[in-house]
1. Treating cross-link reach as a plain straight distance, find the lysines whose alpha-carbon is under 30 Å from the alpha-carbon of residue 189, omitting any fewer than eight places away in the same chain.
2. Give the percent of DSSP beta bridges with both residues in the chain that are antiparallel, rounded to the nearest 5.
3. Using amide H atoms built in the peptide plane, which far-off residues or other-chain residues are under 5 Å from residue 169 H to H?
4. Starting from the Cα coordinates of the range 173-214, work out the convex hull volume and express it per residue in Å³.
5. So for the pair residue 127, residue 114, with labels modelled 7 Å out along Cα→Cβ, what separation do we get in nm?
6. 222 nm [θ] for the chain, helices only, -39500 (n - 2.57) per DSSP H run of 4+, per residue, to 500?
7. Rounded to the nearest percent, how much of the accessible area of the chain (1.4 Å probe, protein heavy atoms only) is carbon and sulfur?
8. In Å², what does the accessible area per residue of the chain work out to with a 1.4 Å probe?
Amino acid sequence: MKRYQDERERMVTHQIARRGIKDERVLEAMRTVPRHLFIPEDARTVAYADSPVQIGSGQTISQPFIVALMTELLEVRAEHRVLDVGTGSGYQAAILAELAAEVISIERHPELAQRARKTLKSLGYQHIKVVVGDGSLGYQPAAPYDRILVAAAAPATPQALLDQLAPDGRLVLPVGARFSQHLEVWTRKDDQFIHSVDIPVIFVPLIGEEGWSG
Ligand code: SAM
């Protein structure tokens, strides 16, 4: 729909490019994926707002700028296999699927996973697999991954996620206290892990064995 396309274009120009996101592939993915279709119908008027939006089960779809920033930090290439932890609406998985060969997305709430599968199928994404489980432990059956993105905040970086990174793999996730965190970027070089810290963020908690207890 033209109205949503215009809103998307404005979102990319004003909220994302203007704040310093430069990777053209990321900007193009953000222009392409119809964010409003990942949001419950009664909230679609705010689909392109500069904020997170409620998606049900007490969860949110992240602010567009944060989705773009984490995706840029992840440095996804076309041949990559990516693990997306915290499927939520499936929007981040779709952005990653615009850039990568394969995306495995894991969500702990079965009803959110089911809704995300339906949305992604209706949009024709065939190289995204949505699974239900505790993503604080990664998803061993499809490991290793070239890239891992976590969209829920952990008290410390889960060892399972580092272990499931392929050589030269990269992991981006929010780490910190319950209500304030920083984005961390990890890179695997053989069995060495190098890490750097990016901007302050606020994410919902990663609930699980290597996350918060609930
Ligand atoms: N990426 C999502 C999107 O594009 O809509 C938004 C993610 S939302 C901010 C965080 C999600 O992480 C929630 O859906 C929540 O249920 C999920 N989550 C929290 N802990 C989890 C865990 N251990 N494993 C899998 N998903 C988890």
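1. 22, 129
2. On the way: 19 of 40 bridges.
Antiparallel bridges: around 50 percent, rounded to the nearest 5.
3. Here 188 satisfy the definition.
4. Numbers: hull volume 2.9 nm³, N = 42.
Spelled out: Cα convex hull of the range 173-214, divided by residues, is 69 Å³.
5. The two pseudo-label positions are separated by 2.9 nm.
6. Details: 6 runs with 56 residues, N = 214.
Helices in the chain give a 222 nm mean residue ellipticity of -7500 deg cm²/dmol.
7. On the way: 5130 of 9790 Å².
Carbon and sulfur: 52 percent of the exposed surface of the chain.
8. Numbers: 9790 Å² over 214 residues.
Ligands and nucleic acids excluded, the result is 46 Å² per residue.
The values are calculated or read from the model by the stated rules, or taken from the named source; none is laboratory data. On a predicted model such as this, the values are computed, not experimentally measured, just so you know. As a convention, Cβ positions derive from the backbone with ideal geometry for all residues, glycine included, and neighbour counts pool all protein chains shown. Protein only, heavy atoms only, side chains kept; ligands, DNA and RNA dropped before computing areas. Shrake-Rupley method; radii C 1.70, N 1.55, O 1.52, S 1.80 Å.
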